[in-house]
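Here is the structure we will look at, set down as structure tokens.
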Amino acid sequence: MKLINEVKNPKWKKYFKHNENDIECKHCKYQKADDSIPREDFKFTTMNMKTKQKTTITISQITLDYDDNDCIRGWYW
Ligand SMILES: [Zn+2]
């Protein structure tokens, strides 16, 4: 998987330290978002609604989208 726009040292890692007493720990929240980035190629199937024909493509490259703290907001291909 090729990651476009990847931030190697996101700001949130400096700003937010893990706080085990905080059930809404931002560090955990951001780490979880980070972990949701697919690291391996994956297959994606779409179906043409008119013809009902399925097309499977392999996703090997995604573009990452971050917020101001460099937290993953989403990714797309
Ligand atoms: Zn935490």
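The values are calculated or read from the model by the stated rules, or taken from the named source; none is laboratory data. Predicted, not measured: the structure shown is a model, and the values here were computed from it. In this analysis, Cβ positions are derived from the backbone assuming ideal geometry, glycine residues included, and neighbour counts consider all displayed protein chains.
Restricting the first member to the range 1-28 and to residues that are part of a strand (DSSP E or B), and the second to residues that are exposed (fewer than 10 other Cβ atoms within 10 Å of the Cβ), the beta-carbon pairs closer than 9 Å and six or more apart or on different chains are Leu3/Arg39.
The listed residues are Thr63, Thr55, and the only one of them that is of a type in the set (Ser, Thr, Tyr) and under 17 Å from Met1 (Cα atoms) turns out to be Thr63. Look at (1) surrounded by 11 or more Cβ atoms within 10 Å (Cβ to Cβ); (2) farther than 17 Å from Leu64 by Cα; (3) of a type outside the set (Lys, Arg) and you find that Tyr30 fails only one, number (2).
Out of the range 1-46, which residues are of a type in the set (A, V, I, L, M, F, W, C) and away from the ligand (no atom under 12 Å from the Cβ)? Those that are of a type in the set (A, V, I, L, M, F, W, C) and away from the ligand (no atom under 12 Å from the Cβ): Met1, Leu3, Ile4, Val7, Ala33, Ile37, Phe42, Phe44. Among the residues of the range 60-76, is there at least one that is within 16 Å of the ligand (Cβ to nearest atom), surrounded by 10 or more Cβ atoms within 10 Å (Cβ to Cβ) and not β-branched (Val, Ile, Thr)? Yes: the range 60-76 contains one or more residues that are within 16 Å of the ligand (Cβ to nearest atom), surrounded by 10 or more Cβ atoms within 10 Å (Cβ to Cβ) and not β-branched (Val, Ile, Thr).
Within the range 39-60, the set of residues being part of a loop (DSSP other than H, G, I, E, B), of a type outside the set (S, T, N, Q) and touching a strand residue (DSSP E or B) at 6+ places or on another chain (Cβ under 7 Å) comprises Asp41 only. Among all residue pairs at least 6 apart or on different chains, which show Cβ distances below 6 Å where the first residue, located in the range 66-77, is small (Gly, Ala, Ser) and the second is at pLDDT 95 or above? Qualifying pairs under 6 Å: Gly74/Asp65.
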